[in-house]
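Beneath this line is the structure, given in structure tokens, with notes to follow.
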Amino acid sequence: MIYTNRYTSPLGDIIIASDGDALTGLWFQDQKYFGATLPTEYEEKELSVFQETKQWLDIYFEGRKPDFIPLLFLQKESDITGITPFRKAVWETLLSIPYGETMTYGEIAKEIARQNKRPSMSAQAVGGAIGHNPVSIIIPCHRVVGTDGNLTGYAGGIERKKELLNLESLPYF
């Protein structure tokens, strides 16, 4: 069974999901691909992982770097259609981007290519994987920018991306 709960953030309502033990999803209520990894049946419930996630979000939205990450579970391809080893590798790379720093789509593509012993990887494919990140904010897809430093897509909306980066003291956004 998958469980959900709600968090009210300064940037809008956030829905969080869990398998009962770990965090499996976190989306702004109106974001693109909202709930893409949610099964058709789920139950709203209060869980300890939700309390921990809300604590993380409270710290984050106060403009501070949380010193922990709630337990995450990124489903396997067989669990939910569309979650591939490639997407999981991109999401794991996102977790390596430090608070208050950014990385480009091209840099992530180079890293994924290196991990797979390939000469290159498509930055567009990386962008597609980033856009389908099921755990927004905690898996920091908002920290990814275009090669020239410009802000490009964000499933939660560019204005939210700017606000999230500003929270992390990246004033040029």
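Laid out as a table, the results:
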quantity	calculated
Accessible carbon and sulfur surface of the stretch 89-135 relative to its total accessible area, %, 1.4 Å	50
Binned Cα-Cα distances of the stretch 81-173, short to long, each 10 Å bin given as a whole percent	17, 54, 25, 4
Scattering curve values for the chain, log₁₀ I(q)/I(0), Debye with Cα scatterers, q = 0.14, 0.16, 0.18, 0.20 Å⁻¹	-0.72, -0.94, -1.20, -1.45
Residues of the stretch 1-136: accessible area per residue with a 1.4 Å probe, Å²	52
Inter-probe distance in nm under a simple model that places probes 7 Å from Cα toward Cβ, at L170 and Q29	2.6
Descending semi-axes in Å of the stretch 123-173, equivalent ellipsoid built from Cα gyration tensor	17, 13, 8
Gyration tensor verdict on the stretch 1-92 (Cα atoms; rounded if a/c is under 1.5, prolate if a/b is larger than b/c, oblate otherwise)	prolate
Spatially proximal lysines relative to K54 (Cα-Cα < 27 Å; intrachain offsets below 8 disregarded)	K32, K45, K65, K76, K88, K161, K162
The stretch 1-47: C-alpha gyration tensor shape, a/c 1.5 cut-off, then a/b vs b/c	oblate
Candidate aspartates and glutamates - alpha carbon under 19 Å from K110, same-chain residues fewer than 8 apart omitted	E92, E101, D148
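The values are calculated or read from the model by the stated rules, or taken from the named source; none is laboratory data. Just so you know, these numbers come straight off a predicted model, no measurement behind them. Here the Cβ is made from the backbone with ideal geometry for all residues, glycine too, and neighbour counts use every protein chain on show. Protein only, heavy atoms only, side chains kept; ligands, DNA and RNA dropped before computing areas. Shrake-Rupley method; radii C 1.70, N 1.55, O 1.52, S 1.80 Å.
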